[in-house]
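The values are calculated or read from the model by the stated rules, or taken from the named source; none is laboratory data. Computed from a predicted structure; not experimentally measured. Glycine gets a Cβ as well: all are built from the backbone with ideal geometry, and neighbour counts include every protein chain shown. To get the accessible areas, we keep the full protein, side chains included, count just its heavy atoms, and leave off ligands, DNA and RNA. Shrake-Rupley method; radii C 1.70, N 1.55, O 1.52, S 1.80 Å.
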Amino acid sequence: MRAIPEELATRLASGVTTLAHVWRITRRDGDVFAFTDHDEPLAFDELVCEPMVGLQAGVIEKSLGLNVDTASIAGALSSDAITADDLARGLWDGARVDLYRVDWTSPELHVHLFAGRIGEVRRGAQAFESELRGLQAALNVRVGRVFSRFCDADLGDARCK
């Protein structure tokens with residue numbers, strides 16, 4: 001069950017409209033970035049979240065067990081932090097993403113919605129869409145060979161002895 005601070009829950013119940021999404025992204029090279037769909041820079045978790053015009057969160061699909069949680073993010077390439085060159089070099093591939101819902105009038109009031117890694121990134125001339133895969137996706141990747149009483153190699157391939 002998700003823990004929502006009592007004050008934030010009260011504001012949510014009142015129909016508060018001072019909410020924004022915050023994406024905290026840690027790239028493979030260790031650089032940490034924060035973005036928001038709010039229209040002004042937002043101080044959050046010792047970072048200043050850069051406002052991303054046209055950025056929007058997609059549907060978050062949570063599941064029980066070891067099924068993979070998924071989400072998406074789409075928007076315009078409007079940040080100097082996300083360059084087409086860095087995307088092409090793969091610096092954003094597999095980056096850790098944490099998605100929060102934040103009350104921008106009191107950023108300490110927030111709830112963690114999703115944790116995962118950037119999957120496939122599709123980009124056009126001015127916009128991108130990225131698939132986000134939950135952290136449990138790594139548990140569904142086959143690693144190594146399967147050992148059984150039957151050989152898993154194909155006759156004549158490099159593994160066939």
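Values as computed for the structure displayed
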| read-out | value |
| --- | --- |
| The range 26-59: number of residues that are at pLDDT 90 or above and β-branched (Val, Ile, Thr) | 3 |
| Contacts under 6 angstrom Cβ, first residue in the range 20-46 being without any contact (Cβ under 8 Å) to a residue 12 or more places away in the chain, partner open to solvent by 60 Å² or more (accessible area, probe 1.4 Å) and of a type outside the set (D, E, K, R), 6 or more apart | Pro41/Val48 |
| Of all residues making up the range 12-44, the number that are open to solvent by 60 Å² or more (accessible area, probe 1.4 Å) and either assigned to a helix (DSSP H, G or I) or farther than 20 Å from Arg133 by Cα (or both) | 8 |
| Hey, Leu87 under 18 Å from the mean Cα position of the chain (by Cα), surrounded by 14 or more Cβ atoms within 10 Å (Cβ to Cβ) and not in a helix (DSSP H, G or I) or not | no |
| Residue check for Leu109: touching a Gly at 6+ places or on another chain (Cβ under 9 Å), open to solvent by less than 50 Å² (accessible area, probe 1.4 Å) and within 30 Å of Pro5 (Cα to Cα) | no |
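Every residue, every condition in (1) more than 30 Å from Arg11 (Cα to Cα); (2) free of Cβ contacts under 8 Å to residues at least 24 places away in the same chain, yes or no:
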| residue | (1), (2) |
| --- | --- |
| Thr83 | yes, yes |
| Ala88 | yes, yes |
| Leu99 | no, no |
| Leu109 | no, no |
| Gly116 | no, no |
| Glu120 | yes, yes |
| Phe128 | yes, no |
| Glu131 | yes, no |
| Gln136 | yes, no |
